Amino acid sequence: KEKEKPREGDIDDDEAMAALRGEIKKRRQTVEICRQHGKEAEAAAAESEILVLEEFLPKPLSSEELEAKVRAYVAEHPDVTHPGKLTGLLKKELGELVDGKALNDMCKQVLEG
């Protein structure tokens, strides 16, 4: 895949958040690999970097807040009964305030009753 050419000027908030999330994802992978190979010091360092990077992101919804949002959406849209579709619709609405996997898991939980 081709890399984008660097550009001059400012980046918008969405681009900055996407870049931060990408760096966090890389460090989470680093933590996992380091732990698999018994390198706890390196894993701990990567975890510390994750904590610093997360400070620049909006605070994600708590599990309780997420459940309330999902339940409210289901109540307003009873025709949406497929977890994947519900996840997609809510991801558009909630944006970066929610982790995709956490949202998908909550949608399944709520729809399964």
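Every read-out reported here was derived from the displayed coordinates using simple, explicitly stated rules and does not represent laboratory data. Just so it is clear, the structure is predicted and the values come from calculations on it, not from any experiment. As a convention, Cβ positions derive from the backbone with ideal geometry for all residues, glycine included, and neighbour counts pool all protein chains shown.
Tell me the relative contact order for the chain as a rounded percent, counting alpha carbon contacts under 8 Å between residues six or more apart.
22 percent
Where does helix 100-112 land angle-wise versus the long Cα axis of the chain, in degrees 0 to 90, nearest 10?
Once rounded, one gets 20 degrees.
(1) 16.5; (2) 17.1; (3) 15.2: which one is Kirkwood radius over Cα pairs in Å as calculated from this entry?
Answer by label: (1).
In whole Å, how far is the Cα centre of region 79-104 from that of region 8-27?
With region 79-104 and region 8-27 each reduced to a Cα centre, they are spaced 21 Å.
Can you list the residues of region 86-106 with backbone N under 11 Å from a point 7 Å past the Cα of residue 76, pointing along Cα to Cβ?
90, 93-94
Work out how much length residue 36 to residue 14 would gain on full extension: take 0.36 nm times their residue separation and subtract the Cα-Cα distance, in nm to one decimal.
Between residue 36 and residue 14, full extension yields 4.6 nm more.
Which of 38, 88, 78 sits farthest toward the positive end of the charge dipole of region 36-94, with +1 on the Cβ of Lys and Arg and -1 on the Cβ of Asp and Glu?
Comparing the listed Cα positions along the dipole, 78 ranks first.
Determine which aspartates and glutamates satisfy two conditions relative to residue 91: a Cα distance under 15 Å, and not lying fewer than 8 residues away in the same chain.
Partners found: 14, 65, 67, 99, 105.
If you rank 82, 77 by fewest surrounding Cβ atoms within 10 Å, what's the result?
With the fewest neighbours first, 82, 77 line up as 82, 77.
Taking 24 Å as the cut-off for C-alpha to C-alpha distance, list the pairs among 69/108; 26/85; 26/101 that go past it.
Going by Cα-Cα distance, 26/85 fall outside the 24 Å limit.
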